[in-house]
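Everything below concerns the one structure shown next.
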Amino acid sequence: MEQKINRLQTKVFEVMPFLKKNKFSNKLIEILLTAKFFRYLIIGFTTFFIQVGLLFFLIQILGFEKVTANIISSLLSMIFNYTFSNNWTFKAGTGKHKQKIGKYLFLAALNYSFDVFLAFPFLAITLAVNPYIAKVIITGIIVCWNFFIYKFWVFRK
């Protein structure tokens, strides 16, 4: 996988040579086009599908109340995400779980607050952006900064 990603980095710089000349964009491409970033995206999409699948299963099959089902599916998907981000995506090992979980939960609370209290009201209400498009924009922003915060703070070796 690493070799394919290295070839992809090379191809990106061949197609857009101006990216290599700019130090910031060069470094950004080198950080984002890594196996770690692709593992991060895989775990993120998998977490999303687990959460939605559990939500559906709990409501439609088991007959749970919607809010209760959402809480359970969110918590279980967060456990999955933490476990696989720690062990597979960032390979941060088994040590210092209390610190990592604390950082992980702090970031989750920050993301939630950014979404619910700041970004969504600003985009969907103040700027009148379609709420679904607003949610996609907000999620994209959170996904981007989470990678860097996970890599350099939460799961730093």
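The values are calculated or read from the model by the stated rules, or taken from the named source; none is laboratory data. Because the structure is predicted, anything quoted here is derived from the model rather than measured. With ideal geometry, Cβ positions are generated from the backbone for all residues, glycine too; neighbour counts draw on all protein chains shown.
Among the residues of segment 84-118, those identified as aromatic (F, W, Y) and either in contact with a Cys (Cβ under 6 Å, 6 or more places away or on another chain) or assigned to a helix (DSSP H, G or I) (or both) are F84, W88, Y104, F106, Y112, F114, F117. A Cβ distance below 9 Å, combined with a sequence gap of six or more or placement on separate chains, defines the contacts here; from segment 71-94, residues that are without any contact (Cβ under 8 Å) to a residue 24 or more places away in the chain reach residues that are of a type in the set (S, T, N, Q) and outside any loop (DSSP other than H, G, I, E, B) in the pairs S73/Q51; S74/Q51; T94/N86; T94/N87.
Checked across segment 76-86, the condition of being over 17 Å from K151 (Cα atoms) and touching a Leu at 6+ places or on another chain (Cβ under 8 Å) holds for at least one residue.
For segment 11-52, filtered to residues that are of a type in the set (S, T, Y) and over 13 Å from F80 (Cα atoms), the residue that is surrounded by the most Cβ atoms within 10 Å (Cβ to Cβ) is T34. Among helices (runs of 4 or more DSSP H) entirely within segment 1-45, having at least 2 residues that are modelled with pLDDT of 75 or more and closer than 24 Å to V143 by Cα singles out 23-32. Any chance segment 47-54 includes a residue that's among the polar types (S, T, N, Q), free of Cβ contacts under 8 Å to residues at least 60 places away in the same chain, part of a helix (DSSP H, G or I) and under 25 Å from V136 (Cβ atoms)? Scanning segment 47-54, I find at least one residue that is among the polar types (S, T, N, Q), free of Cβ contacts under 8 Å to residues at least 60 places away in the same chain, part of a helix (DSSP H, G or I) and under 25 Å from V136 (Cβ atoms), so the answer is yes.
Here's the yes/no breakdown for (1) under 19 Å from the mean Cα position of the chain (by Cα); (2) modelled with pLDDT under 95; (3) not hydrophobic (A, V, I, L, M, F, W, C):
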residue: I79; (1), (2), (3): yes, no, no
residue: S85; (1), (2), (3): yes, no, yes
residue: A92; (1), (2), (3): yes, yes, no
residue: L110; (1), (2), (3): yes, no, no
residue: I137; (1), (2), (3): yes, yes, no
residue: N146; (1), (2), (3): yes, no, yes
